[in-house]
1. Quick check: Cα centre of region 251-310 to Cα centre of region 42-107, how many Å?
2. Counting Lys and Arg as +1 and Asp and Glu as -1, what is the net charge of the other residues whose Cβ lies under 14 Å from the Cβ of Ala172?
3. Relative contact order of the chain: what whole-number percent is it, with Cα pairs under 8 angstrom and at least 6 residues apart?
4. Which entry is the computed mean projected area of the Cα convex hull in nm² for this structure: [x] 23.3; [y] 26.5; [z] 38.3?
5. Compute the helix-to-body angle for 336-347: its Cα long axis versus the longest principal axis of the chain, expressed 0 to 90° and rounded to tens.
6. Before anything else, pin down the relative contact order of region 240-383: Cα pairs under 8 Å, at least 6 apart, normalised by residue count, whole percent.
7. Among Gln16, Asn139, Gly247, whose Cα sits farthest toward the positive end of the charge dipole of the chain (+1 at Cβ of Lys/Arg, -1 at Cβ of Asp/Glu, about the Cα centre)?
8. Using only Cα atoms, tell me the angle between helix 36-52 and the longest principal axis of the chain; keep it within 0 to 90° and round to the nearest 10.
Amino acid sequence: MSIAEQLADAPSLQQQMQAIGDQARSASRTLAQASTESKNAALHAAAAALRAQRPAILAANAEDMVEAEGRGLSKAMLDRLLLTDERVEAMAAGVEQIAALPDPVGAVTATWERPNGLEISRVRVPLGVIGIIYESRPNVTADAGALCLKSGNAAILRGGSESFRSSAAIHAALVAGLEAAGLPAAAIQRLPTRDRAAVGIMLTMADSIDIIVPRGGRSLIERVQAESRIPVIAHLDGNCHVYVDGGADLEMARAITVNAKLRRTGICGAAETLLVDRRVADSHLAPLVGDLLAAGCEVRGDADTQAVDGRVVAASKADWDTEYLDAIIAVKVVDGVEAAIDHVARHGSQHTDCIVTDDGAAADAFLARVDSAIVLHNASTQYADGGEFGMGAEIGISTNRLHARGPVGVEQLTSYKYVVRGTGQCRP
């Protein structure tokens, strides 16, 4: 057969996507009824496969890294893409942690009896088929696949082109786990193409996919939210704040600020703005700024902040609204907790914000009135993570108001149905 004839016989991208969707829908029906034991067996087998296939995974990642460096990806993006022995082990351990979580499927969240004798229960059920579109981080392949499996959902994964080889190697380990437990391999599928058109098709597959979860930069999220015909769970930006209140212990504030900004600058829970109460500006501002600068962080500040250190760059209006995902932070002096709350309301992204203070009233006001998915008192914003919440892992952080908000773990990947038991009742 000639090349032209082979190409003519090859299925179109639309047909390939439809086949993937049909297989996922069929697999979702099997998973919805799968026992906890079989799902956990698949997860443990997948974790073992991740460890056994570590050399292949790291080799694939090394090829991705060379290509990404050649394309000039940012330092933050390269850090997200990089896999090491430790990160592969963390993936495997994360899959095992998900296996250890309670199975949400079938859990009864409420029961009551009506005067007519009807017994009503609200029972957790899987969402169905979840499409996950993500950039850079190949570990999302393991996290998302494992979370969907534990919650009884089929998954269709579309990783970024920069992590194409890494994601393929990780996906192979997940499929090995499914097959070892006798579950359908189509329960976790990965799009086998870098063609961006596949994403556009995926966003229209409402008959095959029930929920879309995007993880990545603003351009990806905006595209998904604009084009999707399927409900979306997402956050647009992680413009997170640390507010050092007048009642803050200086040493605690210094430790939290540096950690919140610099532990990992490329994650959505990294602090992007530091607010300091004017009451402690004389005592706290210079040490906080000095710590950040000494750690290699660029500081962009208001006039008060510039006055304490000549290395501070003047902040522009845009800096208060920017998610840097880099070693850059905006710093501003504010007039107390009310001004801090107002600043977060005007410039924040409703993701994660924290207050550092020993003043209980100020903490209560901040926690109650800052309308973010995660609010913290005396703890780093870098705790915005499903694993740190004891959820095993997360498929993302949601700033939605409907269905799920904050870390999206196995419980958040379920819905519910009402089970009604009667004894022959007929409505009059």
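1. Taking the Cα centre of region 42-107 as reference, the centre of region 251-310 is 32 Å away.
2. On the way: positive: Arg51, Arg54, Arg165, Arg190; negative: Glu179.
Its environment carries a net charge of +3.
3. Details: 882 pairs, mean separation 78.4, N = 428.
Over the chain, the number comes to 18 percent.
4. The calculated read-out lines up with [y].
5. So the helix axis and the longest Cα principal axis differ by about 50 degrees.
6. Details: 291 pairs, mean separation 49.1, N = 144.
It comes to 34 percent, rounded to a whole number.
7. Gln16
8. Between the helix axis and the principal axis of the chain, the angle is about 70 degrees.
No value in this document is a laboratory result; all are computed from the given coordinates. Keep in mind that what you see is a predicted model, and the values were worked out from it rather than measured. Cβ: placed from backbone, ideal geometry, glycine included. Neighbour counts: every protein chain shown.
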